[in-house]
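Take a look at the structure set out below.
Here, each number is a calculation from the coordinates, and none is a lab measurement. Nothing here was measured: the structure is a model prediction, and the numbers come from that model. When we count neighbours, we look across all protein chains shown, and the Cβ atoms used for this are built from the backbone with ideal geometry, even at glycine.
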Amino acid sequence: MNCTHVTLTAAAAAAAVIAAAGIALASGGPPPVQPADPAVDTVVSTATAQSRVRAPAPDRRSNATIERAVQAARARALPRAVSAARTEADTLAAAAGLHAGAVVGIRRDSSPLGYWDQDAGRFGPGVWCGRVFSRRTVRQADGTTKRVTASRHRCPVPKTASIRVTLTFAARPR
């Protein structure tokens, strides 16, 4: 009888553990871990830079050629963004009585997942070509007006491409 009681108690404990695990999984698991605040001895700076997009010839425009031109423009803008972030970090550190040192972290900022950024493509991420609609009002011969809508396939090239970076610098007292 004592052996039966121990077996039932062990089975009840196992069922409780399984039920707790099931509840934890059903609730989505543990909460997401928030990124830690920067260390006390750091200065964080964010900067944006732009560069002109060198457009491909009109007869050669496609999603791929425009995307390559935009990526090249962003690559040209990256050193300017890093330089601007360094300048801002030096200013922030001086105002706080610190000196900004070496870069300890860098991140290219982008739109959050699910949000569309027009710098990534006019018709969606990586999609630069699509239907462009235009609407105008036409006055008829009898004096009435009529709204006319037309659409054409176009591959508009952005004039500039921008990049945004966040740098974390080590800081030390002056």
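General observations
- The slack in the chain from ARG108 to VAL132, taken as 0.36 nm per residue of separation less the alpha-carbon distance, amounts to 5.6 nm.
- From most to least packed by mean Cβ count within 10 Å, the peptides 123-129, 76-82, 103-109, 145-151 give 76-82, 123-129, 103-109, 145-151.
- P(r), alpha carbons of region 38-174 - 5 Å bins starting at zero, rounded %: 2, 10, 14, 13, 12, 10, 10, 8, 7, 5, 4, 2, 2, 1, 1, 0, 0
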